[in-house]
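The values are calculated or read from the model by the stated rules, or taken from the named source; none is laboratory data. Predicted model, so just to flag it, every value in this text is computed and none were measured. We place every Cβ from the backbone using ideal geometry, glycine too, and count neighbours over all the protein chains shown. Heavy atoms of the whole protein, side chains included, go into the accessibility calculation; ligands, DNA and RNA do not. Shrake-Rupley method; radii C 1.70, N 1.55, O 1.52, S 1.80 Å.
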Number of protein chains: 2
Amino acid sequence: MTITTSWVGTANEPDSGFPLQALPFCAFTPTPDTTPHLGVGIGSFILDLHQLSESQLLNTLPADVRQACTAPTLNALMRCGSAAWSALRQRLTDILITIEPRSDRNTDQQRLVASLMLPQSRAIFHKPVAAQNYTDFYASLHHATNVGKLFRPDNPLLPNYPWLPIGYHGRASSLVISGSPIRRPHGQLKLPDQPTPVFQPTAQLDYELEVAAYIGTGNPLGTPIPIADAPAHLFGLSLLNDWSARDIQSWEYQPLGPFLGKSFATSLSPWVISAEALAPYRTPLAPRPAPLPYLAERTSTTSFDITLEVLISTSHMREHNLPPARLSASNLSDLYWSFAQMITHHTSNGCNLQPGDILASGTISGPQPGSEGCLLELTRRGTVPLQLPNGELREFLADGDEIILRGTCQRAGLPTITLGECRGTILPAL
Amino acid sequence: MTITTSWVGTANEPDSGFPLQALPFCAFTPTPDTTPHLGVGIGSFILDLHQLSESQLLNTLPADVRQACTAPTLNALMRCGSAAWSALRQRLTDILITIEPRSDRNTDQQRLVASLMLPQSRAIFHKPVAAQNYTDFYASLHHATNVGKLFRPDNPLLPNYPWLPIGYHGRASSLVISGSPIRRPHGQLKLPDQPTPVFQPTAQLDYELEVAAYIGTGNPLGTPIPIADAPAHLFGLSLLNDWSARDIQSWEYQPLGPFLGKSFATSLSPWVISAEALAPYRTPLAPRPAPLPYLAERTSTTSFDITLEVLISTSHMREHNLPPARLSASNLSDLYWSFAQMITHHTSNGCNLQPGDILASGTISGPQPGSEGCLLELTRRGTVPLQLPNGELREFLADGDEIILRGTCQRAGLPTITLGECRGTILPAL
């Protein structure tokens, strides 16, 4: 089987992660303090969508799509709907695909397009959407069970879990782009040996490996999205790190759920990989009991086969030129609920989703040891320190630790597609 | 003591609620499908701030404030900061105050200003802000205790309650303006006599009497707002009805808090009454144990003396021309936490607030019977039906019920100021 290639040479390298089939979106600037342009990743480059639109090469597309390509975030493009996303993807493919035999005309066009590219290594990335609403789900049964065992050993999984995708509203204002430093937060917490709480920097700073689903088109208030229609509302996926201060969280979370233990920062990866690009990597979730009819999907391949990894790079590792160490690996298909089910449940009461809204999966842990998506699980709430390859121990994150999330789609006969990386380094408390 | 009056006659009537001292903000249109203008309530009128700015009568104010007055929401004005809000209030007072003796010049100006007014009865109101983030607190000890008794009779108040303002992120997209119909939502819930959950319209639809604090200026991510600075970030107050589906809520809320039991709709009253207008009605909260130092306020008058009422108008009452019946009355100063404490706690981990963000109080219940701010409390979770004056019984809300929230500031020697009304009528489920 032959994989279709691009005239952008680096796109065809086996481990590029940005082949012609991926074309993930981002928002970027070549220098600080300029207005972001939308871009599309191809090989080691970013094709500037804003300039491409102005170059007239997108003139086969409707005016609203061409206009949306010149916006600083993806929200306007999301609003255009799935037929428009598909048409743009097809046009970009036509522009970037290898054409044989070469003619003067396509050589000229390729020269023009190449002039609208920036090496990814020189780009400054920005948040790809202006997300007004961010919902965080709890869709990993393994995560819910592992965490439940720590807090309720006799009753780890609550009775509602198998019936509905549990979720809560996250804080949209503190979403930050990958690479933004993460300041260790202060907070109110209660030490086990003290009668009253204290206000001090968290001693239990943690990451959470998550995948973010970006909503493309929304729904009017009062109009639920039926499960059959839900996939068409999914624009694409990114990586998301839901930083968590466990000591703040455990003192505050009853009865209304997580709040300041989460809202100090949530990191987003720069690339949004479209649902269409991910379609060849569709895969079923593990067998589960049938849900209530409103959540019952017609097809079985409701998830995506995306390998997820968490790596840590400590100050010590960087000082000694040691590579990051892998903390865990899991797969998006380890989830109990699909994103379509989360969309339909979220809107089942009439709640309106809006273009650019983020529905995050919750921590993605798999069934086997080594697949736990946060330190809370890996270190059993800090009681079993984790030994890193360089001998360092971690119960929770230390100042200077960098956490790196990665996501990859691999399937025989298909090119490897990356979701890119989501990075953040812990700064000491103020 | 003489109360300063306005040349707008209806502003000086004892029960106007909109005297010269109030000047609450709103966003309104005279007809549907036009872009909202900002306005200020005076007597039975709305003074059009947009037209006033264009009339040059605000030329003594900085350009950004004049520009902000022509926006369709208050967000731009909020961003200008408390000195600007104060200057605008002073200028509006100068324009609307009674001037004796009258001169031709001020008669001409009053004629011009009067031409920029619309009777409130003819206005269509819109959401006064574009709120990107909505946080709902749980700041009434009496509410928390009453609810706790229903769900945990042996342990009504959780140990964290007296130490921190419990809160959670609400859904910003489904905030609606007073008067918007409220569709009874479907949801997943578990009936006590059934082994598995069902998906059906809620049978336990409830209101929650709340006050919304609008954030004026925000804070950068990573920079907490110290308690001494918190009052300057408060732009003003409104009424808020946090509609709740109790059966959906009780099945879904563990372990991550309320979600779809709340996110179908939250109603906002049209008027935003500024913190400066409310300053003469400042009052202390009930005595409480000292909080941790980061939440300790220097002054004692940290709340506002605002009488709050909930009324119901059922279909039967309207058919028989019966007036709405009062369900309860409480006071903003019945809360355990002040808005300044909520602001400081919310940002204590570095979380950034933004202009137009809403911090709602949570249900405001007082210590005595008849002051419970929701039906959950009034009917003991539906077990003790409430008899209305016309003989109707209510466990929870019925289709056709209209809920009316009211807020009033009254103090000897001061004019009565209203927060207006927040209304919503229940439509049957789809």
Once the dipole of the stretch B:228-312 is set up with Lys and Arg at +1 and Asp and Glu at -1 on Cβ about the Cα centre, which of B:Ala245, B:Ile312, B:Pro291 lies farthest towards its positive end? B:Pro291
Under 30 Å, Cα to Cα: Lys pairs in the protein assembly as shown, sequence gap 8 or more or different chains: 19
In whole Hz and in residue order, list the ³J(HN,Hα) couplings for the stretch B:145-153 that follow from phi through the Karplus curve 6.51 cos²θ - 1.76 cosθ + 1.60, θ = phi - 60°; x for Gly and Pro. 6, 4, 5, x, 4, 6, 9, 9, x
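Report the charge-dipole magnitude of the stretch B:274-363 in Debye, nearest 20, computed about the Cα centre from +1 at each Lys and Arg Cβ and -1 at each Asp and Glu Cβ. Could you put the intermediate results ahead of the total?
Numbers: 5 positive and 7 negative charges, 27 e Å.
Its charge dipole is roughly 140 debye.
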With every protein chain in place, the residues of the stretch A:134-175 shedding 30 Å² or more of accessible area versus the chain by itself (probe 1.4 Å) are A:Tyr138, A:Leu158, A:Asn160, A:Trp163, A:Leu164, A:Ile166, A:Gly167, A:Tyr168, A:His169, A:Arg171, A:Ser173
Quick one: work out the % antiparallel among DSSP beta bridges in the stretch A:165-279, nearest 5. 85
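At a Förster distance of 45 Å, what's the computed FRET efficiency of A:Ser55 paired with B:Phe151, Cβ-Cβ distance as r, to 0.05?
Computed FRET efficiency for A:Ser55 and B:Phe151 comes out at 0.15.
Which length gain, in nm to one decimal place, applies between B:Arg298 and B:Leu393 when the Cα-Cα distance is subtracted from 0.36 nm times their residue separation? Spell out each step's value before the answer.
Numbers: separation 95, 0.36 × 95 = 34.20 nm, distance 4.68 nm.
This chain segment gains 29.5 nm when fully extended.
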At A:Ala412 and B:Arg122, where each label point lies 7 Å from the Cα along Cα→Cβ, what is the point-to-point distance in nanometres? 7.7
Among A:Glu210, A:Glu372, A:Glu252, which one shows the biggest mean-square fluctuation in a GNM of chain A, springs joining Cα atoms closer than 10 Å? A:Glu252
Enumerate the whole-percent occupancy of each 10 Å bin, from 0 to the last occupied one, for all C-alpha pair distances of chain B. 4, 21, 31, 25, 13, 4, 1, 0
In debye, nearest 20, what is the charge dipole magnitude of the protein assembly as shown about its Cα centre with +1 on Lys and Arg Cβ and -1 on Asp and Glu Cβ, if you could check? 20
Chain A, closest residue to the rotation axis toward B, by beta-carbon, whole angstrom: A:Gly257, 1
Sorted shortest first, the nm distances from the B:His320 label point (7 Å along Cα→Cβ) to its counterparts in the other copies are 8.4
Sorting from shortest, the nanometre distances separating the label point of A:Pro367 (7 Å past Cα along the line to Cβ) from those of the same residue in the other copies are 5.8
Could you tell me how many cubic angstrom of Cα convex hull volume the stretch B:78-224 has per residue? 227
Helix B:104-114: inclination vs chain B longest Cα principal axis, degrees, rounded to 10, gives 30
Value of [θ]222 nm, deg cm²/dmol, for the protein assembly as shown, DSSP H segments ≥ 4, -39500 (n - 2.57) each, nearest 500: -5000 deg cm²/dmol
